[in-house]
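**Student:** After the structure tokens below, expect a handful of questions from me.
All of the numbers you see were taken from the coordinates with simple rules; none came from a lab. Because the structure is a prediction, the values reported are computed rather than measured. Here the Cβ is made from the backbone with ideal geometry for all residues, glycine too, and neighbour counts use every protein chain on show.
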Amino acid sequence: MKKAARVNWNAIEQEAADLLSRYIQFDTTNPPGNEAIAIEFLADTLRERGFTPQIIESSPGRANLIVRLKGGPDATASPCLLYSHADVVPADSDNWSVPPFSGQIKDGFVWGRGALDNKGLGVVFLQALTLLKEYAPPLNRDIILLIAADEERSSRYGVTWLLDHHPNLVKAEYVWDEGGMGLKQPNNLLYYVSVAEKKALTIKLSAQGASGHASVPRTDNPHDRLIRALYHVQHWDQPVRLTEPVVKMLQALAPQQSFPHTFLFAHADNPLLGSLLRPWLKKNLLFTALVRNTINLTKLNGGQASNVIPAQAEAKLDVRLLPDEDPESFLAALRSVINDSKVLVEIESLPVPQALTPTNTHFFRALTETVQTLGPAGQITPYLTPGATDSRFFRAAGMKAYGFMPMLLDSQELSRIHGIDERVSLANLRWGIQVVFETLQRV
Ligand SMILES: [Zn+2]
């Protein structure tokens, strides 16, 4: 890290902003994605910098980029993979204060869809990789940069496709992904490093009956049946339960709490104190989704005319299970709560089997040390991501995936992700590159 003194950070920051601005201008809204043209642009940039990137198409217009920085002659450890996705979610330009695919640089920010999620992270990785090549002493492992398609939809043309068709190209001990971040709060700063995710599944409920004229009441109206079932689901209380990543998270946050929470958090693994902590966790906005299974009714389908009793009614539930829950047992419990054999309960999409990434690793220590050395001062804590990222596929393939966007964001900046006026500050780009550059030298 001694040579890092020679790095011209102002130039690196400006270069990152310019690169991100141009990358945002390739509209990779998914669907349809069209990542290939943006991937080609990144590959050109890498070639200019002396790398040999590989472009792998999973389908016409859907491309993935892989580039490898070789470790030194004595490298023995298996690789570390930096992962970012090239696709973005749609942006409704009417509500934006700048055109969402303009990549404008103003007021110290790069603006546009993908600035944070996830093109900004891709540029941070790319800049750090360039610096490692130019300034770092020989590394003890290869660093792979993967920029893939289709994270925002199914990952079918991106990560899962690569894991199925080219597993050796992306095989690594560690994966650095999105999922956590540096969260600025009014009185403190928390560095959330995601080590697990909740399990997402979709469940379909359906009821059948005989269609007929609405002037004649029937006892088997499928709408009535479905509503009764949903009523039971709504009133099914999901118990609060602390899983390992949440216990670690509470313990890490303990010093910043006031009494009695400082004590309760520190002893979160003590079941006797759990009864005091659980009601509070259930009501807390941050924790409520992290300590129990959640069920949300997201779709209702049924009926064609207001004077016809339909033959069929259907509802979809978005379910997020705690990482160690078994989907089949959950389904059995759901069926007994509904308690109506005429309501069909089916799993539409099963979650990927989850693994928990350990924190007693070289990677976690290296990241912790880097953040503590670089500052600003804050608490580093493992984190359970309530949503889903591609980390679940890497974990299922046996890799240790960590979710940490190396940026310092407050809740207002965070809400721009998938929202309006997404942007990233130049200061965050610079800090992120420093974090990645230094962590990878330590790991
Ligand atoms: Zn993302």
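**Student:** At a threshold of 8 angstrom on Cα-Cα distance, excluding pairs fewer than six apart, so keeping six or more, what relative contact order does segment 304-405 reach in percent?
**Tutor:** On the way: 38 pairs, mean separation 27.7, N = 102.
Answer for segment 304-405 is 27 percent.
**Student:** Pairwise over distinct Cα atoms, reciprocal of the mean inverse distance: report the Kirkwood radius of segment 285-416 in Å, one decimal place.
**Tutor:** Its Kirkwood hydrodynamic radius stands at 18.8 Å.
**Student:** Here's a follow-up. Can you put 416, 320, 47 in order of Cβ neighbours within 10 angstrom, beginning with the fewest?
**Tutor:** Starting with the residue having the fewest Cβ neighbours, the order is 47, 416, 320.
**Student:** Follow-up. Between the alpha-carbon centers of segment 63-106 and segment 11-58, tell me the distance in whole angstrom.
**Tutor:** 8 Å
**Student:** Compute the convex hull volume of the Cα atoms of segment 25-75, divide it by the residue count, and report the result per residue in Å³ as a whole number. Mind showing how you got there, number by number?
**Tutor:** On the way: hull volume 4.6 nm³, N = 51.
Per residue, the Cα convex hull of segment 25-75 comes to 90 Å³.
**Student:** A further question follows. Calculate the spin-label point distance for residue 238 paired with residue 37, positioning each point 7 Å from the Cα along the beta-carbon direction, and give it in nanometres.
**Tutor:** Those two pseudo-labels are separated by 4.1 nm.
**Student:** Still on this model: On a 0 to 90° scale, report how tilted helix 426-442 is relative to the longest principal axis of the chain, with both axes built from alpha carbons and the result rounded to the nearest 10.
**Tutor:** Here the helix axis deviates by roughly 80 degrees.
**Student:** Please tell me the relative contact order of the chain in percent, rounded to the nearest whole number, where contacts are Cα pairs under 8 Å and at least six residues apart.
**Tutor:** It rounds to 24 percent for the chain.
**Student:** What shape does segment 372-418 take by its C-alpha gyration tensor, where a ≥ b ≥ c are the square roots of the eigenvalues and a/c under 1.5 counts as rounded, a/b above b/c as prolate, and the rest as oblate?
**Tutor:** Oblate.
**Student:** Here is a follow-up. Can you sort 438, 35 from fewest to most other Cβ atoms within 10 Å of each residue's own Cβ?
**Tutor:** Listed from fewest to most nearby Cβ atoms, that is 438, 35.
**Student:** Same structure again: List the aspartates and glutamates whose alpha-carbon lies under 13 Å from that of residue 316, not counting same-chain residues fewer than 8 positions away?
**Tutor:** 346, 348
**Student:** Any chance you could give the angle, 0 to 90 degrees and rounded to 10, that helix 244-253 forms with the longest Cα principal axis of the chain?
**Tutor:** In the chain, helix 244-253 runs at an angle near 60 degrees to the longest axis.
**Student:** Return the Rg/Rh value of segment 179-302, two decimal places, where both radii are evaluated on C-alpha atoms and Rh is the Kirkwood radius.
**Tutor:** We get a ratio of 1.18 for segment 179-302.
**Student:** Beyond 15 Å, what share of the Cα-Cα pairs of segment 402-443 remains, rounded to the nearest whole percent?
**Tutor:** The proportion of pairs with Cα distances above 15 Å equals 49 percent.
**Student:** Sticking with this one: Report, please, the projected area of segment 1-50 averaged over directions, based on the convex hull of its C-alpha atoms, in nm².
**Tutor:** On the way: hull surface 18.2 nm².
Average of the hull's projected areas for segment 1-50 equals 4.6 nm².
**Student:** Which chymotrypsin sites (Phe, Trp or Tyr not before Pro) from segment 115-163 combine a DSSP loop assignment with at most 16 other Cβ atoms within 10 Å?
**Tutor:** Taking segment 115-163 and a limit of 16 other Cβ atoms within 10 Å, no loop chymotrypsin sites (Phe, Trp or Tyr not before Pro) are found.
**Student:** Now a separate question. Just going by the charge dipole of the chain, with Lys and Arg at +1 and Asp and Glu at -1 on Cβ, which of 295, 14, 39 is farthest out on the positive end?
**Tutor:** 295
**Student:** Continuing with this model, one more query. By the gyration tensor of its Cα atoms, with a ≥ b ≥ c the square roots of the eigenvalues, what is the shape of segment 340-423: rounded for a/c under 1.5, prolate for a/b over b/c, or oblate?
**Tutor:** oblate
**Student:** Sticking with this structure for a sec: Give the residue from 252, 144, 412 lying farthest towards the positive end of the charge dipole for the chain; charges sit on Cβ (+1 for Lys and Arg, -1 for Asp and Glu) and the dipole is referred to the Cα centre.
**Tutor:** 252
**Student:** Taking the inverse of the average 1/r across all pairs of different Cα atoms in the chain, what Kirkwood radius in Å do you get?
**Tutor:** One over the average 1/r among Cα pairs gives 23.7 Å for the chain.
**Student:** Using unit Cβ charges (K, R positive; D, E negative) and no other charged atoms, how large, in debye to the nearest 20, is the dipole of the chain about its Cα centre? All intermediate terms of the calculation are to be shown ahead of the outcome.
**Tutor:** Values: 43 positive and 46 negative charges, 161 e Å.
Computed about the Cα centre, the dipole is about 780 debye.
**Student:** Then there's this: Where Rh is the Kirkwood radius over the Cα pairs of segment 33-168, the temperature 20 °C and the viscosity 1.002 mPa s, what D in µm²/s does Stokes-Einstein return?
**Tutor:** Using the Kirkwood radius from Cα pairs, D works out to 134 µm²/s.
**Student:** List the lysines whose Cα lies under 28 Å from the Cα of residue 400, skipping any in the same chain that are fewer than 8 positions away.
**Tutor:** Cross-link targets: 70, 119, 133, 171, 184, 198, 199, 248.
**Student:** Return the equivalent ellipsoid semi-axes of segment 270-361 as a descending list in whole Å, where each equals the square root of 5 times an eigenvalue of the C-alpha gyration tensor.
**Tutor:** 34, 17, 14
**Student:** Would you mind ranking 142, 410, 117 by Cβ crowding within 10 Å, fewest neighbours first?
**Tutor:** So the ranking, lowest neighbour count to highest, is 410, 142, 117.
**Student:** Also: Taking the Cα atoms only, what angle lies between the long axis of helix 9-24 and the longest principal axis of the chain, rounded to 10 degrees?
**Tutor:** Its long axis makes an angle of about 40 degrees.
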